Amino acid sequence: MNIIETAGVWQISYLDLTLRVVVALLLGGLIGIEREWNHHAAGFRTHLLVCVGSAAIMLLSIYGFSDFADEYNVRMDPARLAAQVVSGIGFLGAGAIIRTGVNISGLTTAASIWVVAAIGLCAGAGFYYGATLITVLVLIILFLLNKVEKRMHRRRNHNEVKMKVARGSSAVGKITEVFDLYGLQIANVSFESEMEGKLDEAVCMIRVVLNKPNPKRLIEAIDALAKIEGILSFETPKIPRESQAYASTGSSASL
């Protein structure tokens, strides 16, 4: 859709070109703000650059070779360069995906980068309605459905305790004993070897997923874990509000 009519289908005015780039800038920025606000790897500027760059490639693909449109035996293909954006953006999205042990994060950010590239292509082609509609839907997914997803996770009520244990110590066996002692049900256990420190000290990262743990018993178990020799460090989830009073009076664990 051209705002300013031009002499031919392969021609575009400076005003229309500027409008398409600015629309891509605004729409990509809206999604980038949400990613930046939630402290994701690919934030405001990354989404701006992807969206504007995609729009520029789309404009180049349609109008960049207009001088050759009337040449003999020349066949124009406006989607040829744009198609490379769809496949090429995967490399950038892969950089936003982070694997930590068995956990993978950054998939939503990688998907948002891919969608922003599509929005830029729409804006570059003058498909303003499609670009705007997709942006609104993406913002609904990132803002509203994110809250719904968090509520679903909270209802599952699984807590994960991460611990770094010196390899060769007897702490591994004591960890399960502590959880059994305090009546905490273990849903899943995972191990991962790591090298840490200047002397390349071998350590083991242990992730224990607890099924619906009682907050007070969880604090007591963490307090007991802190006293076990061989546990180098541990990380715990947020303790529910109802147990905060107990934590301040009945436990000395550092959370």
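What per residue convex hull volume, in Å³, do the alpha-carbon atoms of the stretch 108-188 yield?
Enclosed volume per residue, from the Cα hull, is 120 Å³.
Just add up the charged neighbours of TYR128: K/R +1, D/E -1, any other residue whose Cβ is under 15 Å from the Cβ of TYR128.
Net charge in that neighbourhood comes out at 0.
Whenever you get a sec, compute what percent of the accessible area on the stretch 113-155 sits on carbon and sulfur atoms (1.4 Å probe).
The value for the stretch 113-155 is 74 percent carbon and sulfur by accessible area.
Of ILE134, ILE228, ILE222, ILE98, which has the most accessible area and how do the rest follow, probe 1.4 Å?
From most accessible down to least: ILE98, ILE134, ILE228, ILE222.
Let's test this: bin the Cα-Cα distances of the stretch 29-93 at 5 Å from zero up to the farthest pair and state each bin's percent.
Bin by bin from 0 Å, the calculated values are 4, 17, 19, 17, 14, 11, 7, 5, 3, 2, 1.
In nm, give the distance between the simple-model label positions of GLU177 and GLU235, each being 7 Å from the Cα along the Cα-to-Cβ direction.
Output for this residue pair reads 2.8 nm.
Beyond 25 Å, what percent of the Cα pairs of the stretch 14-145 remain?
The proportion of pairs with Cα distances above 25 Å equals 29 percent.
Going by the alpha-carbon gyration tensor, a ≥ b ≥ c the square roots of its eigenvalues, is the stretch 9-54 rounded (a/c under 1.5) or, if a/c is not under 1.5, prolate (a/b greater than b/c) versus oblate?
prolate
The values are calculated or read from the model by the stated rules, or taken from the named source; none is laboratory data. These figures come from a predicted structure and were not determined experimentally. Don't worry about glycine lacking a Cβ; one is built from the backbone with ideal geometry, like all the others, and counts go over all protein chains shown. For the accessible areas, the whole protein counts, side chains as well, though only heavy atoms, and no ligand, DNA or RNA atoms are used. Shrake-Rupley method; radii C 1.70, N 1.55, O 1.52, S 1.80 Å.
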